[in-house]
Amino acid sequence: METRSGADPDRASFTIALEAARVTVITATDIVMPVTGGKGGSIGHIATAVLADLPPPRRARFSARIVKASVSRYGTWNRRADDNRPATSTDIASVEVAIQQPKPPADPPKKPQPASPVQRHRQSRPTDQAKGATPTQSRWQKAQAILQQTPERPRRAQDIAAALGITGKQSLHSFYVQMSAWARRGRLTKTAPGIYRIAHSTALDTAP
């Protein structure tokens, strides 16, 4: 811009200079096709293009350029209702420290203990009562009452178990073993495998 007196450097167009530089590189000016008739001035091709098409002078500013201050995020206009912090700088005279008592550790949940064989046996025992039997009667008393109805008629162990309400494979097996034990003690007479009748010498017991 020094070659033209009175020209403001702010009027130089960056876009024109960029296009002139691009054309100069693409066409290889002064390298492949030299310009005839001189250099086109001592300022070069880019400056010549910029001076040939200067934008109009800029308008004068009415006020000086200033930097707008950003809005503080600690301003009073956006403070929460429960925010007790001071709005301006405040000297700290003392500090209060509140110590929270630690909570006692919670007891870990107890793992369920596996049931013992006796407990599993009690849980598997039938709860149904034999017809006509009271809750205080033992299993032998209930079975004896059923067999005493027809003393001369042998009955299968599974029929007696059904009359007593005994179900389940484990409960039935336990009852069959108990029937065999009663036969060995002389309370029952075993007429065939799994078939029993009341012994003639057995009176109606009230004890287990």
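Only residues that are over 26 Å from Ala12 (Cβ atoms) and either open to solvent by 100 Å² or more (accessible area, probe 1.4 Å) or modelled with pLDDT under 60 (or both) were counted in segment 43-74, giving 5.
Beta carbons closer than 6 Å, at least 6 apart along the sequence or on distinct chains, pair a first residue in segment 145-163 that is in contact (Cβ under 8 Å) with a residue 24 or more places away in the chain with a second that is part of a loop (DSSP other than H, G, I, E, B) and open to solvent by less than 90 Å² (accessible area, probe 1.4 Å) for Arg156/Gly194; Ala157/Gly194. Meeting the requirement of 3 or more residues that are at pLDDT 80 or above, the helices (runs of 4 or more DSSP H) wholly within segment 89-208 are 139-148, 157-164, 169-184. Does at least one position in segment 30-42 carry a residue that is outside any helix (DSSP H, G or I) and at pLDDT 75 or above? Checked against the condition, which is being outside any helix (DSSP H, G or I) and at pLDDT 75 or above, segment 30-42 yields no hits at all. Filter segment 8-28 down to the residues that are touching a Pro at 6+ places or on another chain (Cβ under 7 Å) and of a type in the set (Ser, Thr, Tyr) and list them by number. Within segment 8-28, just Ser13 meets the criteria. What are the residues in segment 172-199 that are within 21 Å of Arg120 (Cβ to Cβ) and open to solvent by 10 Å² or more (accessible area, probe 1.4 Å), if any? Correct list: Leu172, His173, Ser174, Tyr176, Val177, Gln178, Ala181.
The values are calculated or read from the model by the stated rules, or taken from the named source; none is laboratory data. None of these values were measured; they are calculated from a predicted model. When we count neighbours, we look across all protein chains shown, and the Cβ atoms used for this are built from the backbone with ideal geometry, even at glycine. All accessible areas refer to the heavy atoms of the entire protein, side chains included, with ligands and DNA or RNA removed. Shrake-Rupley method; radii C 1.70, N 1.55, O 1.52, S 1.80 Å.
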